[in-house]
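Beneath this line is the structure, given in structure tokens, with notes to follow.
Derivation of every value follows stated rules applied to the coordinates shown; laboratory data play no part. Source: prediction; values computed, not measured. Neighbour counts run over all protein chains shown; Cβ positions are idealised from the backbone, glycine included.
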Amino acid sequence: MPNYTFTVNGREVTVDAPADLPTLWALRDKLGVTGPKYGCGIDVCKACTSHLDGEAFNPCATPVSEVEGREVTTIEGLADGDELHPVQEAWLEQDVAQCGYCQPGQIMAAVALLKRTSNPTDEEIDAIENVCRCGSYFRIREAIKSAAEKM
Amino acid sequence: MAPRPLEDYLDMARHSAEPTGSAPAVAPGLRDRVLGRRKFLTYLVAGSTLTVAAKVGFDTLAPGTASALVPSPPQPADVTDLGDILIMAGKPTEGLLIQLEIQEDGNVRVELPRMEVGQGLTTSVAMLVAEELDVPLSAVYMPLAPARPELLFNQLTGGSNSIRSLFGPVRAAAAVARGRLLAAASEQLRVPVGDLQLADGVVVGPSDVRAAIGTLTGAAAALPLGELTAAPKKPSDYKLVGSPVSRVDARAMVTGEFKYTLDLDIPDATPAMVRRPPTINGTVDSVNNEKDVRSMPGVIDVVVIPSGVAVVAETFGQALDAKDALDVTWKKGTVDGLSDAEIKEQLRGAALPFAVPAAGELTIDAEFDFAFASHAPMETNSAVADVRPDGAEIWSGLKSPIVAQQAIAKEIGLPENLVKVNVVQSGGSFGRRLFFDGALEAAQISKATGRVIKLMWTRVDDMRHGRARAGSFHRVRVTHAADHVLSFEHRVASVETDTKHGLGEILTATAASLPVGGNMSFAQTMFLTTVKCPYNFGAVTQVLNEIPLDMHTGSWRSVYSANTRGAEEIIVDEIAAKLGRDPVEFRLEALKEDRYRAVLEKVADEGGWGAKMDKGFAQGVAFHAEYKSCTACLVEIDARDPQDPRVTKAVIAGDFGLPINPRGLESQLLGGLTDAISTTLRAGLHIEDGLPLEGSYSQFHYARQADSPTDVKIFIMPANDKGDPGGAGELGVPAAVGAIGNAYARATGIAPRSFPINFPVDFDPFPR
Ligand code: FES
Ligand code: FES
């Protein structure tokens, strides 16, 4: 099997995997990076949302061969040591998480949105498609707005 | 007298009686703290730390009071609801339920004999402990207890019952521990107990003498064991309980450190997935290309299990490819050929007749139906199993772990005491994790392959072969006079809701105390202990009849109430309209209790009820009461396009008796609102030829951010004088269903009758 080398949260890694193995499984099963979650495997639920070269992507629908030589950031790589990212802080302040399973993806989607626009409108927040089956959407919205204000 | 080992006392408790023997002296200074109302018996573990289990007295239940219009007598659920029944079933083992240990570092360890699925129990129960013991919340550590068979019926998470059933035992254990710590401090510091204060985990006396509780724990355990009576705090003295607290596990969740079942690092756990049949409950006839599949990259093993064909591989990605590549010949399932149209026809035929004849002009008759709805928790069904010839260990999100342990032990042919079942906090449940099918499959695969197995269901399988709320049909008949209701009847027909997860045994065990008599069916008993009409509507009858189709159903957040009470709230608006009354005023007049009126008035005030709305926009309001709690919901809807409505605003008020954590309760109501938006407007399952068509969130339209309101206000009513907390987990759905239905009707002029309201097959189903 071929080897693929890329960085995960600033650390260079090499995995031995078939070219079409979704990056989600390279991360979870081969590298033990379990922050990105499986919720559908077909780019629908967005639970796996992480960043590829700083932009939101869905590793369940991205073959590992495509991330070769690139920079993957998962939820584990968002904080600076013990210092949380402002979006994570906002999530705590609004007490967003219920079961928490969707929240790594929600947070990574929100961080990507706030990179594109510092002051997102309700319509832009609506465009985040990540499913939260616990229905925490309103608190997610409030947390994004609160993070935007502080950033 | 030396403390006896806990086991001795547990044994005694098990064999009927309270601990006997000479009554030792009550620890010094404690007498003046005695309160008569509740009596605690404590059990101690010998050792260097104080470990307490406590048994608490049982309050008798007072029937609710009714105030009049044409008064309706109290209904069964007013007197004894499902939650009360679960508490009763847990009584014999209540003394074993909570074990609280004060450790030498001052931390307090309490295993939670319930399941955390996102409802915030590990926060709210920890708050109770911290409050009673006067330790910081951060000092309370609350792992989920594994299956504890000695608890019998007392380890089932359901019926909005956890806080209700734990409230007494947790406070009792903590109060006893507190009493012992103070007594030990009194001896050590030579200060009377009455002069000591416990705060932040430190006992402080006059002239600032101090002792941290960790330094007292050994001495506290060694005090003579007696019939120690100690009173928990009065709610009016609460400092922490009742104030909004954020979730104790939130930080781990936002950093990705939180571990769900498949994130656990269990040595050698190998991914497995199962190829499932094309129809519900189909079984394997033959596997036609096993050799080819075995030679696929990463594939380790292929085995047939009762529910399908399992593939074990190096990664889940490879297991998924391989299970999709399998060529399997299937035997029939249990509902092959069955589709929605026929299910609906059967349901219509099953609705039992009304007792009151139609009275012409003075009658309102209406029919409703609700589609099946997937539980669809974000974390799909998953489990880890390590089955060996001499023992087994299981990890999974389980709301009824004792029954799971029994079933798994039987299946793999081991005695129960050799099967350890660990309960893992999970990514949602909504009733789904009462079933342990994933854990059972993982055990089967582990036994067949001789490997440690981590099993994951695909999303498609989770929706098609997982659990769902059963489809239902409803007939409602109301007769009325010029200005009030004379009779209100509701006949529900539903596909059978599977309760083979321990609830059946619980109802059987408590049969003598059930509030319903005669030969009532199991389903009707459960129905009547969960559903009640909160209005004085004269003669009220509510009857459920089930059709026995063998499908994968299960209680879905609020069991029968989302549909039954949701439909009733829509009818209440229609009655008000026919009588020329405002929906809020009409309800205020007909509601049975003042606290019911208070939540409705709250949302009407805060939500600006009666505001003028543009064409296509409208407000809607509804009320619901269950499990000693009540709520009202007011929504605004934008239904300019009736095929694509959006709830734009929601104002909700909840009265939970004694609110433990208002912040967590708001979360529960917010979740209930989103569930109602989803299942009322767009989310359901189509059943076609023995299988749901929907296989992902692109097809089962659970709400997304773009479907949820941009303005939500939630109010938790202050503690009322009843003093005990009511149920919380399921309360929010039914009122929101009614409010959304009512808003939709007012905005569009279309009376909603079939749910979800917009329910086309707007996708290409995945292959079977
Ligand atoms: S798991 Fe990646 S989008 Fe659902
Ligand atoms: S918090 Fe449970 S799915 Fe979002």
In 20 Å bins starting at 0, how do the alpha-carbon pair distances of the protein assembly as shown split up by percent? 14, 45, 34, 6, 0
CD proxy, 222 nm, the protein assembly as shown: helix-only mean residue ellipticity via -39,500 (n - 2.57) per DSSP H run with n ≥ 4, per residue, nearest 500, stands at -9000 deg cm²/dmol
Just to be sure I understand: of the beta bridges DSSP finds with both ends in the range A:3-77, what percent are antiparallel, rounded to 5? 85 percent
Antiparallel as a % of all DSSP beta bridges within the protein assembly as shown, to the nearest 5? 75 percent
Under 17 Å Cα-Cα from residue A:46, which lysines qualify once same-chain neighbours fewer than 8 residues away are excluded? A:37
Give me the percent of DSSP beta bridges within the range B:343-464 that run antiparallel, rounded to the nearest 5. 70 percent
Too long for a 30 Å Cα-Cα cut-off, among B:91/B:420; B:399/B:628; B:532/B:612; A:145/B:532, are B:532/B:612; A:145/B:532
Would you list B:382, B:138, B:207 from fewest to most Cβ contacts within 10 Å? B:207, B:138, B:382
Convert 20 °C to kelvin, take the viscosity as 1.002 mPa s, use the Kirkwood radius over C-alpha pairs of chain B as Rh, and evaluate the Stokes-Einstein diffusion coefficient in µm²/s, rounded to a whole number. 78 µm²/s
Leaving out same-chain residues fewer than 8 places away, which lysines sit with a Cα under 19 Å from that of residue B:234? B:39, B:55, B:722
The answer for the net charge of residues other than residue B:434 whose Cβ lies under 11 angstrom from its Cβ, with Lys and Arg +1 and Asp and Glu -1, is +3
Loop-located trypsin sites (Lys or Arg not before Pro) in the range B:613-673 whose Cβ has at most 14 other Cβ within 10 Å (DSSP): B:615, B:640
Cα centroid separation - the range B:267-313 against the range B:457-499, whole Å: 37 Å
Past 18 Å, Cα to Cα, is the threshold; run B:259/B:454; A:30/B:454; B:323/B:410; A:115/A:150 against it and keep the listed order. B:323/B:410
Kyte-Doolittle mean at least 0.0 and Cα extent at least 20 Å along the axis: which DSSP H helices of chain B qualify? B:162-189, B:662-681, B:732-748
Taking the Cα centre of each part, how many Å lie between the range B:515-575 and the range B:720-768? 16 Å
Would you order B:624, A:51 from fewest to most other beta-carbon atoms within 10 Å of each residue's own beta-carbon? A:51, B:624
What longest region of chain B stays clear of chymotrypsin sites (Phe, Trp or Tyr not before Pro) that DSSP places outside H, G, I, E and B and that have at most 16 other Cβ atoms within 10 Å? B:59-762
Cross-link partners among aspartates and glutamates for residue B:344, C-alpha distance below 17 Å, same-chain residues fewer than 8 apart left out? B:336, B:367, B:369, B:496, B:546, B:550, B:688, B:689
Give me the distance between the Cα centres of the range B:593-618 and the range A:111-127, rounded to whole Å. 32 Å
What do you get when you divide the Cα radius of gyration of the range A:86-150 by 2.2 N^0.38 Å, with N the number of residues? 0.97
For a quick size check, give me the Cα extents of the range A:3-77 along its three principal axes, largest first, whole Å. 28, 24, 20
